[in-house]
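See below for the structure under consideration.
Bear in mind that the values in this text are calculations on the coordinates, not laboratory data. Since this is a predicted model, take the numbers as computed values, not measurements. Cβ coordinates were reconstructed from backbone atoms using ideal geometry, including for glycine residues, and neighbour counts include every protein chain displayed.
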Amino acid sequence: MKNITIFLFLLTGVLGFGQATTTPSPAIATAPVTVNFDKAGTPLATYTGTIYAHIGLTVDGQDWQYVKGSWGDNTVQPSLTLVTGTTYKLDITPDLYSYFGVPTTSTITKICVVFRAATGSPQSSDIFLNVGAFQVSLNTPVQNSVTLLNSGGNFNITASNTGGNASYSLKANGAVINTNTATTNYAYNHTNITSNQNYELTVTQGSSSVVKTFSVIVNPATVSEAMPAGVEDGITYSDVDNTVATLVLDAPGKDYVYVAGNFNNWTPTAAYAMKKDPETGKFWLQLSGLTSGEIYSYQYWVVDETPLANSPKVVKTADPYSTLVLSPYDDPGIPVSSYPNLPAYPQGQEREVTVLQTGQAAYDWQVTNFTKPKKEDLVIYEALVRDFDADRNYQDLIDKIDYFTSLGINAIELMPVMEFEGNESWGYNTSFHMALDKFYGPSDKLKELIDLCHQNGIAVILDVALNHAFGRNPMVRMWMDDPDGDGFGNPTTENPYFNTVAKHSYNVANDFNHQQPRTKNYVKRVVKHWIEEYHIDGFRWDLTKGFTQNCTESDETCTNAYQQDRVDVLKEYADYSWSLDPTHYTIFEHLGTDAEEKEWANYKYDEGKGVMLWGKMTDPYNQLTMGYSTNNNIARVGHMAHNGFLGKRVVGYAESHDEERLMYKNLQYGNSNANYNVKDAATALNRMSAQAAVFFMVPGPKMVWHFGELGWDLSIFTCNNGTVNPTGGTDGDCKLDTKPQPQWAQNWMGDTNRSKIYYNWRRMIQLKKDEAVFEGNYTLASTNTLTPKVYISDATIPSTELNSVVVLSNFDIVSKTITPDFPTTGTWYNLMNNASYEVTDTAATITLEPGEFRIFGNQTVVLGTGDNTIEKAALYPNPTSDVFALNIAVKKLEIYSLTGQLVKSFSNTSAYTIYDVNSLTSGMYLVKVIDTENRQSTLKLIRK
């Protein structure tokens with residue numbers, strides 16, 4: 001402990017005792033304890049960060065024994081939970097002996113604790129909390145243990161207590177079977193046990209009681225019987241009888257399995273012992289007498305009587321094929337506003353449980369024949385539901401559908417939404433791949449979002465992490481090495497799904513073995529579930545480099561090299577998804593060599609399929625936006641720079657969830673001179689439109705990471721407390737931390753510097769989607785300079801239509817004179833506003849200011865506005881159901897019907913004035929705008 005003066009110890013020690021208590025008081029060493037702390041009046045009174053406990057015990061008369069972790073180590077020392085106001089708590093379970101790892105032969109008399117800030121200062125004094133003299137030891141069996149018996153076997157129970165005589169009462173399955181009073185030692189032999197038993201031994205001394213729990217599972221002599229036809233792993237609901245459901249568990253090497261649930265009071269009898277199919281070896285059980293529509297929950301109790309060393313004999317686990325699980329760890333932190341009527345986790349149980357409900361009403365899909373946008377035209381908006389808006393749920397995205405439609409994106413890619421560990425997560429720590437994580441909302445709310453996207457022409461792509469699974473995954477836990485007996489561990493050599501050591505160099509968590517038939521079956525079931533149940537339009541497969549069995553964690557060269565087994569299994573998975581949906585998007589995050597990627601890009605391309613690959617170009621684009629002339633070659637943003645790719649299928653991106661924000665680095669590291677500074681916010685924001693011009697206009701699918709369209713400038717390493725920690729530290733690098741929501745709280749759409757990016761991007765997205773030339777050929781010129789040029793053309797399109805485009809840009813910090821090298825002389829048009837530009841000499845130059853760009857085409861195109869104020873005037877949202885705003889101040893605004901009738905007018909309004917159109921009927925209108933400089937624009941408005 002840290003030394004302090006005697007005076008300070010006495011002063012703060014008195015305060016500390018007054019504001020730290022235990023429940024119960026005094027604490028009992030052999031039972032759960034809650035340490036309560038009120039920071040008011042302590043050195044931590046004004047501290048607002050996380051409070052940690054440097055905590056140990058007084059054991060056999062010695063203070064500060066068995067201390068948890070070491071001083072200041074936030075990764076191992078426990079944090080307190082805020083209760084309300086200034087009060088906090090720390091729950092210690094299941095008892096002091098287990099929590100601190102103290103031998104039960106020792107005596108615990110005090111809890112020793114110092115409460116501290118995350119950095120160690122401020123801190124409380126040393127606080128000592130009494131542990132009562134009354135303590136109970138369960139000698140046999142071990143507390144909370146499960147003992148296996150053959151039917152008819154006997155079971156010995158012995159216990160003892162300190163502090164004098166006590167009364168003992170033993171319950172089995174809720175009924176008292178033995179009592180003993182006025183004793184310090186207890187013994188009972190429960191004989192001829194033929195059914196499973198849940199025991200409670202209650203020991204009482206005066207007003208203090210201690211409860212010890214343990215159980216017995218009886219071998220039911222598993223019945224061999226063929227499964228009913230048509231059932232599959234997990235739950236199969238009857239098509240004709242809503243009172244019946246059949247459960248199937250594939251658990252090779254296990255001796256017997258019980259199904260425990262609220263339908264048998266979590267005490268399964270022999271009637272709930274699963275049968276075993278003689279052909280497949282799978283366990284199965286048909287449940288009958290269920291009430292249609294009622295919510296049930298259950299677990300499998302999986303027994304291996306002769307497990308490997310360090311492996312448990314009994315594993316209690318949810319169904320691997322769960323579509324909804326309840327969690328004792330995560331569910332208490334799910335807001336009611338996000339998931340109303342969340343089923344309650346069953347009290348007295350442990351680990352996740354599976355939800356079962358017969359007679360569920362099918363979702364009423366409004367769109368049942370959605371036509372997906374062409375792969376070549378995709379503009380994908382990658383979003384993390386948690387960080388899209390402050391409520392962190394699907395409703396946030398539903399409420400912003402006009403934001404998406406106005407921007408013009410035609411696909412949303414959701415980061416993983418399957419059941420992951422914890423609530424504050426990116427979702428890649430998946431444990432149940434078929435279950436929807438409840439933190440973002442219920443199943444029907446996700447379906448509503450998908451349905452609404454389809455109504456607005458937007459595809460929904462799901463990010464799936466099928467390379468690995470985390471420790472709560474049932475297929476890990478059923479065959480795990482668990483030397484400390486905490487119910488979590490790593491796969492054993494018997495595990496039929498996972499490797500014991502990873503077979504690639506990018507591993508996280510437990511590595512799936514995709515050569516195992518059971519793993520393949522599981523993956524295909526996951527694919528089928530999301531396509532058929534949720535109408536998902538495509539998958540972005542995370543970390544596909546990990547689908548090989550040929551490498552090691554330390555051999556990155558092997559992992560990055562061509563691996564035939566990986567090619568084969570990923571083709572197999574792609575084929576399966578296409579067998580369910582021939583137009584399904586299959587996107588691999590491989591980021592590897594062209595030799596292997598072209599295998600997928602060209603696979604069944606002639607059938608209109610082919611795999612799309614992620615094209616990471618963050619660093620080159622960021623070099624351009626920062627204004628640096630090195631390492632800025634953006635050629636690989638499109639398919640032309642990828643050797644042997646047949647189609648335009650590279651999903652190019654400058655930003656993604658894994659990469660630092662361009663704007664953040666612009667502001668931190670941007671180039672500058674006396675007249676131009678990229679670190680200036682307005683200047684840096686202005687350059688993001690030029691980046692988009694040499695990004696979106698390159699043919700092929702593109703992806704943006706949410707709020708890049710508003711110039712998001714907070715680092716991806718922003719911590720919960722607002723600091724930026726890219727190199728890691730006591731709280732890690734904060735990359736996964738929940739991010740703030742300034743884009744809505746600060747109304748970024750009302751900031752002209754930011755909304756200009758949005759509207760410029762919208763224009764470019766419109767061009768990309770609407771104009772056929774952007775599916776044509778292209779050339780990226782001057783890609784190693786600060787003035788990259790893009791030439792797009794399609795000779796199959798007649799010259800009377802847009803068939804040739806020239807994109808110019810200047811990412812320098814000084815003006816640059818550029819030779820556009822127009823393909824022909826004549827009239828060209830700025831496609832951002834249709835302003836004409838005469839070319840009399842193709843070698844003539846054009847001067848661009850720093851951060852400027854031009855998109856020229858050989859013909860005009862539909863704008864959505866009438867003249868050259870398109871870069872300034874824009875409506876939002878559009879379509880609208882009630883109101884809209886304009887991003888400029890106007891002298892006059894008039895709304896006309898398509899027949900020319902003036903239906904509404906406004907005058908002398910400021911930027912982002914709200915215009916009420918509730919009185920208008922649904923349909924299309926023309927909005928004539930006259931700005932303060934008497935320039936005019938005509939925009940289309942759709943009233944829903």
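In whole angstrom, note down how far apart the Cα centers of the stretch 340-359 and the stretch 486-517 are.
Spelled out, the Cα-based centre of one part sits 28 Å from the other.
Describe numerically, in nm with one decimal, the distance between label points set 7 Å from Cα along Cα→Cβ at residue 239 and at residue 79.
5.0
So for the stretch 389-470, considering every pair of alpha-carbon atoms, how many percent are separated by more than 22 Å?
25
Need one number: convex hull volume per residue for the chain, Cα atoms only, in Å³.
207
Under a Cβ-only charge scheme (Lys and Arg +1, Asp and Glu -1), can you give me the dipole magnitude of the chain about the Cα centre, in debye to the nearest 20?
Values: 68 positive and 99 negative charges, 268 e Å.
For the chain, the charge dipole is close to 1280 debye.
Give the Cα extents of the stretch 640-683 along the principal axes, in whole Å, largest first.
Ordered largest first, the stretch 640-683 gives principal extents of 47, 23, 15 Å.
Just name one of 146, 552, 182: the one whose Cα is farthest towards the positive end of the charge dipole of the chain (beta-carbon charges, Lys/Arg +1, Asp/Glu -1).
Of 146, 552, 182, it is 182.
Once R0 is set to 25 Å, what does the formula 1/(1 + (r/R0)^6) return for the Cβ-Cβ distance between residue 60 and residue 187, expressed as a FRET efficiency to the nearest 0.05?
The computed FRET efficiency comes out at 0.40.
Sum -39500 (n - 2.57) across every DSSP H segment of at least 4 residues in the chain, then divide by the residue count to get the 222 nm mean residue ellipticity, nearest 500.
After summing the helix terms and dividing by residue count, I get -5000 deg cm²/dmol.
According to the Cα gyration tensor, what semi-axes, each the square root of 5 times an eigenvalue, does the equivalent ellipsoid of the stretch 511-649 have, listed from largest to smallest in whole Å? Before the final figure, lay out each step's value.
Numbers: eigenvalues 157, 75, 41 Å².
Its equivalent ellipsoid spans semi-axes of 28, 19, 14 Å.
By the 4.7 Å beta carbon criterion, which cysteine residues of the chain come out unpaired?
112, 453
If you wrap a convex hull around the C-alpha atoms of the stretch 746-817 and split its volume per residue, what is the figure in Å³?
In the stretch 746-817, the Cα hull volume divided by residue count equals 140 Å³.
What shape does the stretch 634-739 have by the C-alpha gyration tensor, where a ≥ b ≥ c are the square roots of the eigenvalues, rounded means a/c under 1.5, and otherwise prolate means a/b greater than b/c and oblate the rest?
Here the stretch 634-739 falls in the oblate category.
Select from 673, 699, 684 the residue farthest towards the positive end of the dipole of the stretch 658-701; place +1 on Cβ of Lys and Arg, -1 on Cβ of Asp and Glu, and compute about the Cα centre.
So the residue we want is 673.
Over the Cα atoms of the stretch 783-939, what radius of gyration and what Dmax do you get, in Å?
Gyration radius and largest Cα-Cα distance of the stretch 783-939: 19.2, 55 Å.
Need one number for the stretch 6-130: average projected area of the convex hull over its C-alpha atoms, nm². Numbers along the way, then the final one.
Numbers: hull surface 28.9 nm².
About 7.2 nm², averaged over all directions.
When the Debye formula is applied to the Cα atoms of the stretch 875-943, each taken as the same point scatterer, what base-10 log of I(q)/I(0) results at q = 0.11, 0.19, 0.25 Å⁻¹?
-0.22, -0.67, -1.18
Check cross-link reach from residue 254 to the lysines: straight Cα distance under 16 Å, and skip same-chain residues fewer than eight apart.
275, 276, 282, 313, 316
For the stretch 811-830 and the stretch 369-424, write down the distance between their C-alpha centroids in whole Å.
37
Take the Cβ-Cβ distance between residue 772 and residue 669 as r, set R0 to 30 Å, and report the resulting FRET efficiency rounded to the nearest 0.05.
FRET efficiency, residue 772 to residue 669: 0.15.
With the contact rule set at Cα under 8 Å and sequence spacing of 6 or more, what percent relative contact order holds for the stretch 85-234?
In percent, rounded to a whole number, it is 20.
So how strong a dipole does the stretch 875-943 carry about its Cα centre when Lys and Arg Cβ are +1 and Asp and Glu Cβ are -1, to the nearest 20 debye?
Taking the Cα centre of the stretch 875-943 as origin, the dipole is about 140 debye.
Given bins 5 angstrom wide, list per bin the percent of all Cα-Cα distances in the stretch 249-304, short to long.
4, 18, 30, 22, 15, 8, 3, 0
Count the net charge of all other residues whose Cβ sits under 9 Å from the Cβ of residue 408, scoring Lys and Arg as +1 and Asp and Glu as -1.
Result for the neighbourhood of residue 408: +4.
Can you compute the FRET efficiency between residue 342 and residue 821 using 1/(1 + (r/R0)^6), with r the Cβ-Cβ distance and R0 = 51 Å? Round to the nearest 0.05.
Step by step, r from the Cβ atoms, then E = 0.25.
To two decimal places, what compactness ratio does the stretch 136-219 give when its Cα radius of gyration is scaled by 2.2 N^0.38 Å? Walk me through the numbers on the way to the answer.
On the way: Rg = 12.6 Å, N = 84, 2.2 N^0.38 = 11.8 Å.
Dividing the Cα Rg of the stretch 136-219 by 2.2 N^0.38 Å gives 1.06.
Taking a virtual spin label 7 Å from the Cα of residue 309 along the C-beta vector, which residues in the stretch 460-501 bring their backbone nitrogen under 20 Å of it?
479-495, 500-501
Which one, 726, 646, 663, projects farthest toward the positive side of the charge dipole computed for the stretch 628-758 from Cβ point charges (K/R +1, D/E -1)?
646
Which value, in debye to the nearest 20, describes the size of the charge dipole of the stretch 823-944 about its Cα centre when Lys and Arg Cβ atoms bear +1, Asp and Glu Cβ atoms bear -1, and nothing else is charged?
520
Any aspartates and glutamates with Cα under 14 Å of the residue 789 Cα? List them, leaving off those in the same chain fewer than 8 positions away.
Cα-Cα hits under 14 Å: 812, 821, 852.
Any number yet on Rg/Rh for the stretch 556-638, C-alpha, Kirkwood?
Result: Rg/Rh = 1.08.
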